[in-house]
Amino acid sequence: MGIDSAPEWHRPPVEGYTADDLDRIPDLPPHTELIDGTLVIVSPQKDFHTIVVDMLTQELRRLAPKESFRVRREMSIVLAPRQRPEPDVIVLRADTEIGRSRTWYPAEAVVLAVEVVSPESEIRDRQRKPQLYAEAGIPYFWLVEESSGAPVVHAYERRKPTGAYELLGSFRGRVILAAPFDIDIDLTGVDDL
């Protein structure tokens, strides 16, 4: 395919893309993210990634008080005009009025963003995305990585007055936390999925 026959989104505007552009660009690959005004095309995921995302989504839905929270997977968050990442899992306030046809949530609705590290997105997941989530005021962030075939969850809380994330703890085998709600997740269940 030559440059003349490439999709229009292959030629970004000089000023970069905006969060609104993701809903207007035709033929954009699924799960495309916007980081610093640049489109990030997500590559195929490993089985480990899919299993962990499924398990965390299911467990967080089971544990989250329904009157206060909702859990979604692979939905983007508008953090700023040129920032629209797509965390693997998010927990948002139940009173968020979005509508079923929306493709994103506002940052102020999100209380927890979860990223499961993939080889192609390791630097974004470990460095840039947590920085963006913290700057947008998202109170909690989890970074999940694979260690010897098992998930390890690193849980962070955004601290005042710095506005940066600080490690609450790293969890192997079981995640036990009191925020954003009481959480007790058996990570060894990944082997059964």
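What the table shows:
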{"item": "Linear extension gain, THR188 paired with ARG126, 0.36 nm per residue minus alpha-carbon span", "result": "20.0 nm"}
{"item": "Within the chain, longest stretch free of exposed GluC sites (Glu not before Pro) [DSSP loop, at most 14 other beta carbons within 10 Å]", "result": "98-193"}
{"item": "For the chain, with +1 on Lys and Arg beta carbons and -1 on Asp and Glu, the positive-most of LEU143, ALA19, VAL110 along the dipole", "result": "VAL110"}
{"item": "Selection of trypsin sites (Lys or Arg not before Pro), region 117-193, meeting DSSP coil and at most 13 other Cβ within 10 Å", "result": "ARG159"}
{"item": "Loop-located chymotrypsin sites (Phe, Trp or Tyr not before Pro) in region 129-193, at most 15 other Cβ atoms within 10 Å (DSSP)", "result": "PHE181"}
{"item": "Estimated FRET transfer efficiency when R0 is 35 angstrom, pair ASP27-GLU135 (beta carbons, to 0.05)", "result": "0.65"}
{"item": "Two-site FRET efficiency, THR162 against ASP20, from Cβ-Cβ distance with R₀ of 35 Å, rounded to 0.05", "result": "0.70"}
{"item": "Long-range amide H partners of ILE35 with built H, under 5 Å", "result": "VAL40, ARG84"}
{"item": "Normalised alpha carbon radius of gyration of region 30-85 [divisor 2.2 N^0.38 Å]", "result": "1.37"}
{"item": "At R0 = 25 Å, FRET efficiency that the Cβ-Cβ distance of LEU63 and SER43 yields, to 0.05", "result": "0.25"}
{"item": "Principal-axis tilt of helix 47-63 within the chain, Cα atoms, nearest 10 degrees", "result": "60 degrees"}
{"item": "Where Rh is the Kirkwood radius over Cα pairs, Rg/Rh for the chain", "result": "0.98"}
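Just so you know, all these numbers are worked out from the coordinates, no wet-lab data involved. Everything numeric in this text was worked out from a predicted model, so none of it was measured. Neighbour counts run over all protein chains shown; Cβ positions are idealised from the backbone, glycine included.
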